[in-house]
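In what follows, a single structure is set out as structure tokens and then discussed.
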Amino acid sequence: GENVEQHPSTLSVQEGDSAVIKCTYSDSASNYFPWYKQELGKRPQLIIDIRSNVGEKKDQRIAVTLNKTAKHFSLHITETQPEDSAVYFCAASWPSGGSYIPTFGRGTSLIVHP
Amino acid sequence: EPEVTQTPSHQVTQMGQEVILRCVPISNHLYFYWYRQILGQKVEFLVSFYNNEISEKSEIFDDQFSVERPDGSNFTLKIRSTKLEDSAMYFCASRLGDRDTGELFFGEGSRLTVL
């Protein structure tokens, strides 16, 4: 099955700095890579995703890059703000019939200091 | 905005007891999932459900676990005889269907504590 490794487990930055979270996956059949943000006490919510036919995707201060050959993908947050503080999960999804089965990483706790 | 809802938010049970965790997926969604997260560890896939049957399950989802959709709205996870290592946060999620983005919509989780 798929295995997703995520680093770092904790990331502490100053407001305005950039933050980068990296993930690797093992199954070359995975073709959909979402990132979820979970604020304290709340549900995980999708913030950005990328498909295997795309190398990079950007949405305002958030960008994701994918290197299919190396089987790794990264989340980049620029100009971090205190409200970016949360746990971020990467996932790699492999198709199973008509469904996707996301396998999640361990999560990265991002702390943005004002 | 429609949300996935889960009950209870927290349940404490004795080892060996049966537990049922309930989820109400978003009404027009077709795919349903259960994940669990042991404290400090990965979010782990348990099972996916489509068209009133299990479509995929992990090795964690052994005979003590079962899922069902008894009334067309609720989606339940039953743990037959709980063990200490079942203590975790259990997340339900749903997805729209074949032609969607693949986004999973999560509930807020049910924290299970087995004593």
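Read-outs: derived from the displayed coordinates by stated rules, not from any lab. Remember, predicted model here, so these are calculated numbers, not experimental data. Cβ placement follows ideal geometry from the backbone for every residue including glycine, while neighbour counts extend to all protein chains displayed.
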remark   = For the pair B:LYS83 and B:LEU96, the simple spin-label estimate (label points 7 Å beyond Cα toward Cβ) gives in nm 4.0
For region B:103-108, Karplus couplings with θ = phi - 60° (6.51, -1.76, 1.60), whole Hz, Gly/Pro x = 5, 8, 9, 9, x, 7
key: Zone residues, region A:53-89, relative to A:SER109, backbone N less than 17 Å from point 7 Å out along Cα-to-Cβ   = A:83-89
task = Return the sequence-ordered ³J(HN,Hα) values of region B:61-72 in whole Hz as given by the Karplus equation 6.51 cos²θ - 1.76 cosθ + 1.60 applied to θ = phi - 60°, using x for Gly and Pro.
result = 7, 8, 5, 7, 9, 8, 10, 7, 10, x, 9, x
task = Return the long-range amide H neighbours of B:GLN17 (sequence gap of 5 or more, or a different chain), with a cut-off of under 5 Å between placed amide H atoms.
result = B:THR82
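How many times 2.2 N^0.38 Å is the alpha carbon radius of gyration of chain A?
1.03
Once Rh is set to the Kirkwood radius over Cα pairs, what Stokes-Einstein translational diffusion coefficient, in µm²/s, holds for the protein assembly as shown at a temperature of 37 °C and a viscosity of 0.692 mPa s?
Here the translational diffusion coefficient equals 181 µm²/s.
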ask   = Just the Cα atoms of chain B: what Rg and Dmax do they give in Å?
value = 13.4, 43
inquiry  = If R₀ is 41 angstrom, what is the calculated FRET efficiency for the pair A:ARG51 and B:VAL12, using the beta carbon separation as r and rounding to 0.05?
reply    = 0.45
query = Which entries of A:LYS22/A:LYS42; A:LYS22/B:LYS83; B:LYS42/B:LYS78; A:LYS58/B:LYS57; A:LYS58/B:LYS42; B:LYS42/B:LYS83 show an alpha-carbon separation above 29 angstrom in the structure shown?
reply = A:LYS22/B:LYS83; A:LYS58/B:LYS57
message = Among A:THR80, A:THR69, A:THR24, which one shows the highest mean-square fluctuation when chain A is modelled as a Gaussian network with alpha-carbon springs under 10 Å?
response = A:THR69
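Just the number, please: percent antiparallel of the DSSP beta bridges in chain B, rounded to the nearest 5.
The antiparallel proportion sits near 90 percent.
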request  = For chain A, calculate the relative contact order in percent as a whole number, restricting contacts to Cα pairs under 8 Å that are 6 or more residues apart.
outcome  = 36
query = Under 5 Å between amide H atoms, partner at least 5 residues away or on a different chain: which partners does B:GLU108 have, H built in plane at 1.01 Å?
reply = B:GLN6
request  = Return B:CYS92, A:CYS23 ranked ascending by Cβ neighbour count within 10 Å, so the fewest neighbours appear first.
outcome  = A:CYS23, B:CYS92
key: Table column - 3J(HN,Hα) (Hz), region A:30-45, Karplus curve with 6.51, -1.76, 1.60, x for Gly and Pro   = 5, 9, 9, 10, x, 10, 10, 10, 10, 6, 4, x, 10, 7, x, 10
task = List the residues whose amide H sits under 5 Å from the amide H of A:SER26, counting only those 5 or more places along or on another chain, with H placed 1.01 Å from N in the peptide plane.
result = A:ASN3
task = Kindly state, to the nearest 0.05, the FRET efficiency for B:ILE20 paired with A:LEU40, given R0 = 45 Å and r defined as their beta-carbon distance.
result = 0.95
